[in-house]
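The values are calculated or read from the model by the stated rules, or taken from the named source; none is laboratory data. Note that this is a predicted model, so its numbers are computed, not measured. When we count neighbours, we look across all protein chains shown, and the Cβ atoms used for this are built from the backbone with ideal geometry, even at glycine. The area values use the complete protein model at the heavy-atom level, side chains included, leaving out ligands, DNA and RNA. Shrake-Rupley method; radii C 1.70, N 1.55, O 1.52, S 1.80 Å.
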Amino acid sequence: MTDTAAPLLSTRSLTMLFGGVVAVDAVDFSLAPGELRCLIGPNGAGKSTFFKMLSGQYVPTAGEITFRSRSIAGSAPHEIARLGIGIKTQVPNVFNGLDVHENIWLAARRRNSPSTARRIARDILERIRLSHRSMVPVGHLSHGQRQWVEIGMVLAGDPELVLLDEPAAGMTDEETRLTAELIREINASRALIIVEHDIQFIRMIADKVTVFHQGGILMEDKADTVLKDQRVRDVYLGKKEYA
Amino acid sequence: MAVKTAAQLTALILAVVAIAAAPMLLDLFDLIELTLFASMAVLALSLGFIWGFGGILSFGQTAFFGLGGYAYAVAAINFGDSTPAILLAIALPAAFAALLGYFTFYGRVSDVYFSVITLTVTLILFNVVNSTAGDEYRIGDAALGGFNGMPAVPTFNMPFDPAAVLEPEASWYVAAGTLVAVYVLLRLLLASSFGRIAVAVKENEVRASLLGYDPRLIKLIVFVIGGAVAGLAGALYVNWGAFVNPTIFGLALSAQIIIWVTIGGLGTLIGPVVGCILVQYIVSRIGTQQTFNANLILGAVLIGFVLLLPRGLMPTLQHIATQAGSRLAYMFSRDNAGRAIADRPAGAE
């Protein structure tokens, strides 16, 4: 692409209905290449549903998703993954019965020869600080470590865009700090969208924040501005209704 | 890792030696019985592979077994040579598995319904073939024979030499050799990238697709390989008895395959082979006594296994062996540690 101003990812009137419930309501969203964006919002605001449409796990009821100027709404998850979107889901989605190395190797193998995949797996294990546990089945690891394995798998696929759904959930303070560091490392070369509840964590990493509320975007601004905003505070504390 | 590979190689060599020596050590009756066991063990491998490593539970593996058997019988009668008949017994079930798998996996049929569909398919085939009695149902020179089946099917001959029909000893070598060859090929396949990806799809289909693998295609390929192996087993079975009838598609056999795999151990390749031979041995011993009902004993054995050894025979044995091994290693290391301390002269610090 020659036009650097074109967004890496954008959605237009993206909508998802579950029966009569509007989970995501006509969302217009845009992400620049190399950007790091945080999505916040109370439970049920539609963040995870929005993510699942981006990754192809849900087929949107209506609307458009454009990634690198290609329409991807309704494509199968593996097709979207091949275009260069990697996702860490909310509940760790890993191969529990296989060891840590095998998990990362499988992620790297998609685009690489077996031996290159082995080299990539070694590098990634170093980056997620799990080299010493490479032969342990992932099911035996702690929740935080399994999150890292999943982030490692996303990185091993070398995607253009990384989606992380609650990467710091259930982590200790030390693990959270290391995760923030890892995210900044990734952002050096990749665009990210991160769904997160932990405001402390968002302060550590965030640049621009998008607030979801009742399936729509409530506001979108710099982290400081958003976190000071009275409406955002009300939404989190459940004071008033903003449609 | 290296120890494990060495142990596997040793076991493989022992198996080959045992197969080679069997005709000299056993009388003809036992050898012919073992030939049947080996043929059925190939069928057990086909389900053990797709269920244990592809996560595909087919209740109708007999559909491919039966198609392989009938394809072999019809082709052998028409061609008079077993060589192309065996190839057809592999190709036809594989093609049928591709068709069935395409519509079920790409149609996003869930696991439970998939199992029911495969069961239904084998029963449909049973009924179709069962109702082909009469002279109008013939393919070339081969009359399908309905519920009576097809008697006097030509057995295996040397490749492209119909005059050189194999003796029972040679048939044993073919059946047991096929079993070993299929086992080794599946083992190599599982060690390859494709095999590792197939296991990943079994572990977590969603994650595999989010990594960019198409789970439908992977499962389809696994299923087709399973169908081809089951078809080959069908040809071996027909060669063993020189006869085929519709019970080859039946419910009793399709349930038995699942019992073999469950008892031997799901998630291993050797388990289904061991389970198959063990169960068939028990059934044939009971059968000669006539004191007990074989199905009753078989049911009790299955319930016993599900309750006491839910993982099956081979995984349980492997678990015991690793436990004992690590205990030994632990004792050994403690022993060494003790000696290391003792080696250091007192007051050396």
Report summary line: Reported to the nearest 10 Å², A:D25 has, with a 1.4 Å probe, an accessible area equal to 80 Å²
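Please report the carbon-and-sulfur percent of the accessible area for chain B; probe 1.4 Å, protein heavy atoms only, DNA, RNA and ligands left out. Write out the running numbers ahead of the final one.
Working: 12170 of 17120 Å².
Accessible surface attributable to carbon and sulfur in chain B totals 71 percent.
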Query raised in the report: What is the helix-to-structure angle for B:82-105, meaning the angle in degrees between its Cα long axis and the longest Cα principal axis of chain B, kept from 0 to 90 and rounded to the nearest 10?
Result: 70 degrees
Report summary line: Going through A:K88/B:K202; A:K52/A:K208; A:K88/B:K4; A:K88/B:K219; A:K52/A:K228; A:K47/B:K202 one by one, the pairs whose alpha carbons sit over 26 Å apart turn out to be A:K88/B:K4; A:K52/A:K228; A:K47/B:K202
Query raised in the report: Taking a probe of 1.4 angstrom, what is the accessible area of A:H140 in Å², to the nearest 10?
Result: 140 Å²
**Report entry** Simple label model, 7 Å out from Cα along Cβ direction - B:A242 to B:S333, nm
**Finding:** 6.2 nm
Report task. Let me know the charge dipole size of chain B about its Cα centre in debye, to the nearest 20, where only the beta-carbon of Lys, Arg (+1) and Asp, Glu (-1) is charged. Result -> 1260 debye
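What is the interface area between chains B and A, defined as buried accessible area summed over both chains with a 1.4 Å probe, reported in Å² to the nearest 100?
1900 Å²
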Query raised in the report: Which whole number gives the average, over all residues in B:194-202, of C-beta atoms from other chains lying within 10 Å of the residue C-beta?
Result: 3
Query raised in the report: For region A:194-214 and region B:172-232, what is the separation of their Cα centres, given in Å?
Result: 43 Å
Report summary line: Rounded to the nearest 10, the angle in degrees between the Cα long axis of helix A:173-187 and the longest principal axis of the Cα atoms of chain A comes to 90 degrees
Report summary line: In nm, the gap between the two label points placed 7 Å beyond Cα toward Cβ at B:L26 and B:N295 is 2.8 nm
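With every protein chain left in place, what is the accessible area per residue of chain B in square angstrom, probe 1.4 Å? Walk me through the numbers before you get to the answer.
Numbers: 17120 Å² over 349 residues.
Value for chain B: 49 Å² per residue.
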Report summary line: Between the modelled labels at A:A6 and B:A164 (7 Å from Cα along Cα→Cβ) the distance in nm is 6.7 nm
Requested in this report: Please return the longest stretch of chain A lacking exposed loop sites, where trypsin sites (Lys or Arg not before Pro) count only if DSSP places them in a loop and at most 12 other Cβ atoms lie within 10 Å.
Outcome: A:1-238
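Give me the number: length gained by fully extending A:M135 to A:T172, i.e. 0.36 nm times residue separation minus the C-alpha to C-alpha distance, one decimal in nm.
Values: separation 37, 0.36 × 37 = 13.32 nm, distance 2.33 nm.
This chain segment gains 11.0 nm when fully extended.
Counting only helical runs of four or more DSSP H residues, what would the 222 nm mean residue ellipticity of chain B come to if each run contributes -39,500 (n - 2.57) and the total is spread over all its residues? Intermediate results must be reported in sequence, preceding the final value.
Working: 13 runs with 260 residues, N = 349.
Mean residue ellipticity at 222 nm (helix-derived): -25500 deg cm²/dmol.
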Query raised in the report: Along region A:140-152, what does the Karplus equation 6.51 cos²θ - 1.76 cosθ + 1.60 (θ = phi - 60°) give for ³J(HN,Hα), rounded to whole Hz, x for Gly and Pro?
Result: 8, 7, 6, 4, x, 5, 5, 4, 5, 4, 5, 4, x
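Using a 1.4 angstrom probe with every protein chain in place, what is the largest-first accessible-area order of B:V182, B:V128? It would help to have the intermediate numbers written out before the result.
On the way: B:V182 15, B:V128 80 Å².
Greatest to least solvent exposure: B:V128, B:V182.
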Query raised in the report: How large, in percent, is the carbon and sulfur part of the accessible surface of region A:88-158 at a probe radius of 1.4 Å?
Result: 46 percent
Query raised in the report: At a Förster distance of 35 Å, what's the computed FRET efficiency of A:A32 paired with B:S110, Cβ-Cβ distance as r, to 0.05?
Result: 0.30
Report summary line: Rounded to whole angstroms and listed largest first, the alpha-carbon spread of the protein assembly as shown along its three principal axes comes to 89, 87, 49
Query - Added length on full extension, which subtracts the Cα-Cα distance from 0.36 nm per residue, A:R127 to A:H143 - result: 4.0 nm
Requested in this report: Please calculate the 1.4 Å probe accessible area of A:L9, with all protein chains present, and give it to the nearest 10 Å².
Outcome: 0 Å²
**Report entry** Cβ-Cβ FRET estimate between A:Q230 and B:V17, R0 fixed at 51 Å, reported to 0.05
**Finding:** 0.05
Query raised in the report: What is the mean number of Cβ atoms from other protein chains located within 10 Å of the Cβ atom of each residue in peptide A:94-107, rounded to a whole number?
Result: 4
Query raised in the report: Any idea what angle helix A:114-127 forms with the longest principal axis of chain A, computed on alpha-carbon atoms, 0 to 90 degrees, nearest 10?
Result: 60 degrees
Query raised in the report: On full extension of the chain, what length is gained from B:L251 through B:K4, given 0.36 nm per residue of separation minus the C-alpha to C-alpha distance?
Result: 85.1 nm
Query raised in the report: What are the aspartates and glutamates whose alpha-carbon lies under 12 Å from the alpha-carbon of A:K222, with same-chain residues fewer than 8 places away excluded?
Result: A:D207
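Do any GluC sites (Glu not before Pro) in region B:110-206 lie in a loop, going by DSSP, with at most 11 other beta-carbon atoms within 10 Å of their beta carbon, and if so which?
On the way: sites: B:E136, B:E169, B:E203, B:E205; in loops: B:E136.
The qualifying sites are B:E136.
Please find the FRET efficiency linking A:R118 to B:L189, where r is the Cβ-Cβ separation and R0 is fixed at 25 Å, and quote it to the nearest 0.05. The partial results should precede the final answer.
Details: r = 19 Å, r/R0 = 0.77.
According to the calculation, E is roughly 0.80.
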